[in-house]
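Contents: one structure, followed by commentary.
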Amino acid sequence: TEQTYIMVKPDGVQRGLVGEIIARFEKRGFKLVALKMFTPSKELLEKHYADLKEKSFFPRLVAYMLSGPVVGMVWEGLDAVKTGRAMLGATNPLASAPGTIRGDYALQVGMNVCHGSDAVETAQHEIGLWFGGEVNQYKLSRQEWIYEA
Ligand code: GTP
Ligand code: MG
């Protein structure tokens with residue numbers, strides 16, 4: 001099954017949104033397979049956001065992400081990457097639909113509360129970076145009430 005890397009950014013931690021974000025993924029039906037609070041290094045963040053290195057906002061992005069601890073998690077389930085992105089909403093919160101995490105809790109792109117992997121390969125890369133690829137394997141007993149037989 002598909003896995004995605006979801007991370008509550010420093011503003012999300014400071015604003016007390018960790019529980020809310022976890023609850024949304026739990027209630028949607030996804031299975032939590034890894035969870036950790038990290039105080040990331042600059043090196044790790046530069047790897048995580050390597051595709052944005054040439055952007056003018058990159059130094060601001062790195063400073064933002066270094067401004068406090070983050071909560072990283074791996075969620076597993078049907079179409080987890082795409083559905084996770086849909087639950088987060090558009091990158092710029094002003095364009096995020098109400099009902100999405102960013103659409104409900106954020107206003108500016110440089111303070112957009114959470115991260116979600118943008119593709120299955122990216123997710124695997126990010127799970128490697130943040131968790132060394134180590135996630136938990138277990139059967140979720142409520143699964144049969146979430147997925148059709
Ligand atoms: P992530 O889930 O965090 O990867 O966001 P995303 O995939 O929706 O967007 P992208 O990967 O393109 O950008 C990564 C992050 O950089 C965004 O979530 C923003 O926090 C930040 N960012 C993107 N564009 C801008 C910008 O124009 N200005 C500023 N200040 N930050 C930006
Ligand atoms: Mg991204």
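Brief remarks on what is shown
- Protein accessible area in segment 82-123, 1.4 Å probe - carbon and sulfur %: 60
- Dipole magnitude for segment 25-92: about 120 debye, using +1 per Lys or Arg Cβ and -1 per Asp or Glu Cβ, origin at the Cα centre.
- Relative to the dominant Cα principal axis of the chain, helix 120-131 is inclined by about 80°.
- For the chain, the solvent-accessible area of protein heavy atoms averages 56 Å² per residue (probe radius 1.4 Å; ligands and nucleic acids excluded).
- Estimated from helical segments only, the mean residue ellipticity of the chain at 222 nm is -10500 deg cm²/dmol, where each DSSP H run of four or more residues counts as -39500 (n - 2.57).
- Set K55/K82; K47/K82; K9/K47 screened for pairs whose C-alpha atoms are more than 19 Å apart: K55/K82; K47/K82
- Fraction of accessible area attributable to carbon and sulfur, segment 7-52 (%, probe 1.4 Å): 51
- Its convex hull of Cα atoms gives segment 61-132 a direction-averaged projected area, equal to a quarter of the hull surface, of 5.1 nm².
- Evaluated at q = 0.11, 0.13, 0.22 Å⁻¹: base-10 log I(q)/I(0), Debye formula over Cα of segment 1-121: -0.33, -0.47, -1.43
The values are calculated or read from the model by the stated rules, or taken from the named source; none is laboratory data. Worth saying up front: this structure is predicted, and the values here are computed from it rather than measured. So basically every Cβ, Gly included, is an ideal-geometry build from the backbone, and we count neighbours across all protein chains shown. In case anyone asks, the SASA skips ligands and DNA or RNA and just uses the protein heavy atoms, side chains included. Shrake-Rupley method; radii C 1.70, N 1.55, O 1.52, S 1.80 Å.
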